[in-house]
1. Give the residue, chosen from Tyr766, Tyr727, that is surrounded by fewer than 18 Cβ atoms within 10 Å (Cβ to Cβ) and among the aromatic types (Phe, Trp, Tyr).
2. Every residue in region 484-543 that is over 19 Å from Tyr450 (Cα atoms), exposed (fewer than 12 other Cβ atoms within 10 Å of the Cβ) and not acidic (Asp, Glu), please.
3. Can you tell me which residues in region 86-97 are farther than 15 Å from Trp45 by Cα and at pLDDT 65 or above?
4. Quick check on region 202-224: of everything there that is closer than 18 Å to Thr89 by Cα and hydrophobic (A, V, I, L, M, F, W, C), which residue is surrounded by the most Cβ atoms within 10 Å (Cβ to Cβ)?
5. With (1) hydrophobic (A, V, I, L, M, F, W, C); (2) surrounded by fewer than 21 Cβ atoms within 10 Å (Cβ to Cβ); (3) within 22 Å of Gln230 (Cα to Cα) as the list, and Val306 as the residue in question, which single condition is left unmet?
6. Report, by residue number, each residue of region 984-997 that is crowded, with 18+ Cβ neighbours inside 10 Å and part of a loop (DSSP other than H, G, I, E, B).
7. Within the bounds of region 356-375, is there any residue that is buried (at least 16 other Cβ atoms within 10 Å of the Cβ) and among the basic types (Lys, Arg)?
8. Given the criteria of a type in the set (Val, Ile, Thr), within 23 Å of the chain's Cα centre (by Cα) and closer than 18 Å to Pro491 by Cβ, does Val405 qualify?
Amino acid sequence: MLVLQSHSNKFIFPLVGERMEPSSGSEVSEEQALQLVCKIFRVSWKDRDRDVIFLSSLSAQFKQNPKEVFSDFKDLIGQILMEVLMMSTQTRDENPFASLTATSQPIAAAARSPDRNLMLTTGSNPGTSPMFCSVGSFGASSFSSLGASGGASTWDSYSDHFTIETCKETDMLNYLIECFDRVGIEEKKAPKMCSQPAVSQLLSNVRSQCISHTALVLQGSLTQPRSMQQPSFLVPYMLCRNLPYGFMQELVRTTHQDEEVFKQIFIPILQGLALAAKECSLDSDYFKYPLMVNLCSFCLSHSVDVASLPLWLPKSLSPGSGRELQRLSYLGAFFSFSVFAEDDAKVVEKYFSGPAITLENTRVVSQSLQHYLELGRQELFKILHSILLNGETREAALSYMAAVVNANMKKAQMQTDDRLVSTDGFMLNFLWVLQQLSTKIKLETVDPTYIFHPRCRITLPNDETRVNATMEDVNDWLAELYGDQPPFSEPKFPTECFFLTLHAHHLSILPSCRRYIRRLRAIRELNRTVEDLKNNESQWKDSPLATRHREMLKRCKTQLKKLVRCKACADAGLLDESFLRRCLNFYGLLIQLLLRILDPAYPDITLPLNSDVPKVFAALPEFYVEDVAEFLFFIVQYSPQVLYEPCTQDIVMFLVVMLCNQNYIRNPYLVAKLVEVMFMTNPAVQPRTQKFFEMIENHPLSTKLLVPSLMKFYTDVEHTGATSEFYDKFTIRYHISTIFKSLWQNIAHHGTFMEEFNSGKQFVRYINMLINDTTFLLDESLESLKRIHEVQEEMKNKEQWDQLPRDQQQARQSQLAQDERVSRSYLALATETVDMFHILTKQVQKPFLRPELGPRLAAMLNFNLQQLCGPKCRDLKVENPEKYGFEPKKLLDQLTDIYLQLDCARFAKAIADDQRSYSKELFEEVISKMRKAGIKSTIAIEKFKLLAEKVEEIVAKNARAEIDYSDAPDEFRDPLMDTLMTDPVRLPSGTIMDRSIILRHLLNSPTDPFNRQMLTESMLEPVPELKEQIHAWMREKQNSDH
């Protein structure tokens, strides 16, 4: 090997500045090698020049004894660098770099390029070297290898400025980096010559010495010691991706063998990157990603133990542990980039601050932001994945993941103080990374009992609601499960990762969905307020409240504009199809796990399931099921195209299994959510999910059990235990009725309906609830229409209206708005129940004519006919009835159809027995209105007329045979209704009641009306002796009256 140290060796070497392309076999003299060194370091020990640094100490040594100055070129390079750097530590007046010009340097050239707008500057001190760093300043070939890809143009669009601290250390670093880079320039200029072993070793020594002295500078060895908590001077260069190719790898390689030195250099670098990350925002397109690429490269190298940093996982200091972890933990800064307006106001200001947000503009911007998010998240995944791959840091990574989940448990609450938890953007980034980590998990490797494992990393709240168990049940089961020999093996990574990802969904995507829905609701309400204020301006513009109303209108418009922009940001962050598909596929994986617990024979499940609920399933947190329903509900509304994935078949099966086995779920409102999902996918509600609904109704497990199960739930929601149960049941039953109307059209389900109609008890309870609901809903709807009519008539009389006091006018208008909302809501529900009556009575009549149902149904129909056609029907006349969904002609048509469909002697008697609403005049008026409005055909009207005549005959007969039983003995009278009993039965409590009355009560509530104990029809005992006494008394009464 040739060593350049002998003064007698001769090489052919061009003069400085000439191109070095020696021919094969040519030689380079030591003098020429010295010139190469001087050129790279821009030094001289012979002559002073404005473009070089004159080394006075080395010059003196050469003059004194040139042969003893250096032993080899490695020694010389060390001396050169040390003298230059020591010179720079002197006072500013002796700054060695002040004499250098930057005209020939690629850094300066790039800095002055007009198309560069990101610069690293050292300030304006005239005594410092004008060192500028901009993206691509070393050219595409000299980009840092730490993740740089493509050419400089990719990174040309930065808009922020980073400033290099003006100090001696940065002067030294500027010089060392330029020298390192000039080696590469020389290698490009003369590749053949530089490939010669001697020259190659020389250049290698130059690089190595530059790196070694960079390490000294970064440690503060040449100036003053640096604290590891201070950001490294090297960070700004890295942020610009402006270090020469191979610089960072060489720095890692040179220093990693000495652990202490390595930490002194790289911990400040990591700290600096984190500090810079906190300032990053997606308002500058590519700003975040080079930062993360650098960090990722350190993690991938396994040379830098990021997890050993003091702030890797800081201890919680306050109740806001979620926000603390985001702000203080090392990775928190990197996971915090977000497009949500509440997380980063810069995004909404840059992308959505124009005068008008068009749909097309929003779509394009959203796609761009989603692309940037994807890029950033990919780098985050690489970081965490690389830490997990390292056996020494895997535990720290898992601890951090679990800490994020546990610290943000409050995000699952309906009302959350956002100051105490991590932001939505942070949590969604975290979720994305965990989804990627879970992608390759095989379900067979996941332990479904992990959440009960003694070493489970996830800490559930003590009051966490379970699927079908109380906390006492759970504790008893766990005590039995643990026993003396716990069945638990050490948790494996696939299990831990799966459950962490599951809980991350619970704390990220679903709270974000709820916030999105709340914002939409707020936008609708503000729009309505603005419209109301505008529409009523003529009424308030001249009033004393005009100023107040104008201010309110201005505030509402401003707030509305702000919310619309926030929504545009949320659209980009949340309505990302690829992200939502990942969520759906993960929930598909969860559903597979749940189905395996429910029936180990999955996918060959048979229904009904075992009556004993598996304890593992019963003890699971309720949100494991609820989150699936809530997420499906969201995507069906806002991104239905996402719904069709390979996992959809499992989702359909899960919905069917749960709806057909409601006893597996303790909370009726959770069953109601599953029903609502099916309702929302109904093509009558969401046409784009027709295929999904058809998958449910055509699923082989649904054809026999879905209809009876939904019918049972229709009646069960009468009592849910909640304070709002009375109003909740109407919405739930509306959903079920809409589903029934669609299932009725399906041949397989139609047959199940008919079987259920003829089976008796369950269908009778269902009809009873239909009667109850129709009675209440129609009554409330029509009463609210009457109040609307009253206020509208008052307002028409402007003279009289203007005479009313202002507060009275406002009260009337407020009541009008309230009645309009009630009317719209109740009429929608009432229309659905009447539709069901219309459908059912056409197919089957017998159940409607039972003694406990017939009279109530007839009374309900008579009362509503009286409302529509009676003397006060004009009170229902309102302006724009379609606004409330009020269609009086259609309602009258349906009600009279029900009469005709149930037309028989028994039903005619039930109509006649109704003394509250029935009258001959009422039916005559109904016939008259149907004729005038052309509501029915002549044949149908004649049939209704015949029914009316039949009813009137029964009324006349009843009048002739009427007997007064009001003086019946107390023991013959029903204790609940105080009427004469005809079929007495004894309850388990010993109370005797009339059979028809107690059966009617049981249809509403399966309890003893006197002590609220459970009661069924089978528990009723006939009392034949009393029955005979009652009938004997009745016969005696009849004989005495005649």
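1. On the way: Tyr766 fails: surrounded by fewer than 18 Cβ atoms within 10 Å (Cβ to Cβ).
Going through Tyr766, Tyr727 in turn, the sole match is Tyr727.
2. Of everything in region 484-543, those that are over 19 Å from Tyr450 (Cα atoms), exposed (fewer than 12 other Cβ atoms within 10 Å of the Cβ) and not acidic (Asp, Glu) turn out to be Arg518, Arg521, Arg524, Lys534, Asn535, Ser538, Lys541.
3. So in region 86-97, the residues farther than 15 Å from Trp45 by Cα come out as 86, 88-95, 97.
Within region 86-97, Met86, Ser88, Thr89, Gln90, Asn95, Phe97 qualify.
4. Within region 202-224, the subset closer than 18 Å to Thr89 by Cα is 210, 212-224.
Imposing the further condition that a residue be hydrophobic (A, V, I, L, M, F, W, C) reduces the set to 210, 215-218, 222.
Values: Cys210: 28, Ala215: 19, Leu216: 19, Val217: 24, Leu218: 24, Leu222: 17.
The selected residue is Cys210.
5. Answer for Val306: the failing condition is (2).
6. The one that is crowded, with 18+ Cβ neighbours inside 10 Å and part of a loop (DSSP other than H, G, I, E, B): Leu987.
7. No: zero hits.
8. Values: of a type in the set (Val, Ile, Thr): yes; within 23 Å of the chain's Cα centre (by Cα): yes; closer than 18 Å to Pro491 by Cβ: yes.
Answer is yes for this residue.
The values are calculated or read from the model by the stated rules, or taken from the named source; none is laboratory data. Everything quoted here is computed from the prediction, not taken from an experiment. Methodologically, a virtual Cβ is constructed for each residue, glycine included, from the backbone with ideal geometry; neighbour enumeration extends over all protein chains shown.
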